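Peer 1: Mind having a look at this structure? Questions to follow.
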Amino acid sequence: MGTPKWTTGKILCKTGAELVNATDPELVKFIGEIYYGLFGGGKMRKCGLGGRRSRFTIFPHLVKQLNTTLHLLIIFFLCAAFAFALVSLGFCIFNIIKVPYRAIHGPAGIALWNFLAGGSAVLAVTSFMAAVKLHNLTERIANFRENIFRFVILEEQYEESFWLCVASAAVHGVNLLLVAISGIRFPTLKTKTEEANVTAEDIMY
């Protein structure tokens with residue numbers, strides 16, 4: 001959650017490219033990079049005079065330029081998912097050590113905590129995607145405290161921290177499926193062994 005590699009992208013210094021009327025081969029000199037996470041990141045700005053690297057933090061100033069409520073919700077959902085996952089792990093260890101109960105400690109409890117953890121992870125991932133795609137999160141971060149130059153986003157992609165949250169939600173979904181399957185009682189195939197039971201009545205006949 002605290003890593004700065006949630007999203008990476010390429011940014012174009014639009015102001016610098018327009019000043020020199022740069023053509024396609026010359027645009028390479030004005031294309032920089034950006035990466036960021038929930039708490040900070042960095043960028044390399046290229047405006048015709050070479051690359052200049054800088055780092056930034058989301059809190060306390062940059063968050064005011066973003067959708068603050070949505071950003072805080074993402075962090076809240078991730079914390080909730082982590083907490084519910086720990087509770088689910090605790091109950092799993094409890095069930096291994098002792099005989100599971102049919103109450104909140106047993107399969108029903110494991111299903112509940114996995115549902116809450118997976119649901120929170122899904123909400124966090126969905127909220128982050130909404131911030132990136134609908135609220136132009138990358139562009140807002142790239143243009144933070146830029147008074148002269150204007151940057152536009154050429155491309156952006158999600159990185160390993162984002163996909164780790166997606167994988168976490170998927171794992172909780174698989175756990176729910178396994179708990180549901182374990183509660184299904186499948187019919188057992190009984191093989192009938194024909195045994196010759198010889199009684200006194202059989203001998204008479």
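The values are calculated or read from the model by the stated rules, or taken from the named source; none is laboratory data. Values in this document were obtained by computation on a predicted structure and should not be read as measured data. Note: ideal-geometry Cβ built from the backbone for every residue, glycine included; neighbour counts use all protein chains shown. Only protein heavy atoms, including side chains, enter the accessible area calculation; ligands, DNA and RNA are left aside. Shrake-Rupley method; radii C 1.70, N 1.55, O 1.52, S 1.80 Å.
Peer 1: How many percent of Cα pairs in region 17-83 exceed 18 Å?
Peer 2: Tail of the P(r) past 18 Å holds 55 percent of the pairs.
Peer 1: Leaving out ligands, DNA and RNA but keeping every protein chain, what accessible area does Thr57 have, in Å² rounded to the nearest 10, with a 1.4 Å probe?
Peer 2: Approximately 90 Å² of Thr57 is accessible to the 1.4 Å probe.
Peer 1: Another one. For region 1-147, what is the Kirkwood hydrodynamic radius in Å, using each pair of distinct C-alpha atoms?
Peer 2: Its Kirkwood hydrodynamic radius stands at 18.0 Å.
Peer 1: Further question on the same structure: Could you work out what % of the accessible surface of region 10-61 is carbon and sulfur, using a 1.4 angstrom probe and leaving DNA, RNA and ligands out of the count?
Peer 2: Answer for region 10-61: carbon and sulfur cover 55 percent of the accessible area.
Peer 1: Same structure, new question: Pop out the ³J(HN,Hα) list for region 116-122 in order, Karplus 6.51 cos²θ - 1.76 cosθ + 1.60 with θ = phi - 60°, rounded to Hz; leave Gly and Pro as x.
Peer 2: So the J values, rounded to whole Hz, are 5, 5, x, x, 5, 5, 5.
Peer 1: Just to verify a number: what accessible area does Leu154 come out at with the full protein assembly present, 1.4 Å probe, Å² rounded to tens?
Peer 2: Looks like 90 Å² after rounding.
Peer 1: With every protein chain kept in place and ligands, DNA and RNA left out, what is the accessible area per residue of region 1-101? Probe 1.4 Å, answer in Å².
Peer 2: 59
Peer 1: While we're on this one: Counting only pairs 8 or more places apart or on different chains, how many lysine pairs in region 2-99 have C-alpha atoms closer than 16 Å?
Peer 2: 9
Peer 1: Given H placed 1.01 Å from N in the peptide plane, which residues other than close sequence neighbours of Gly37 have an amide H under 5 Å from its amide H?
Peer 2: Trp6
Peer 1: While we're on this one: What do you reckon, how do Met1, Met44 stack up by accessible area (1.4 Å probe), largest on top?
Peer 2: The residues order as Met1, Met44, largest area first.
Peer 1: Determine ³J(HN,Hα), in whole Hz, for all residues of region 86-98 in sequence, where each value follows from phi through the Karplus function 6.51 cos²θ - 1.76 cosθ + 1.60 and θ = phi - 60°; x replaces Gly and Pro.
Peer 2: Using θ = phi - 60°, the values come out as 5, 5, 4, 4, x, 5, 5, 5, 4, 5, 6, 6, 10 Hz.
Peer 1: Continuing with this model, one more query. Out of residues 5 or more away from Gly51 or on other chains, whose amide H comes under 5 Å of its own, with H placed 1.01 Å from N in the peptide plane?
Peer 2: none
Peer 1: Can you list the HN-Hα couplings for region 134-139, worked out from phi with the Karplus curve (6.51, -1.76, 1.60; θ = phi - 60°), rounded to whole Hz and with x for Gly and Pro?
Peer 2: Each residue of region 134-139 in turn: 8, 10, 6, 4, 5, 5 Hz.
Peer 1: Mind giving me the FRET efficiency for Phe76 and Thr23? R0 is 35 Å, r the Cβ-Cβ distance, nearest 0.05 is fine.
Peer 2: Computed FRET efficiency for Phe76 and Thr23: 0.15.
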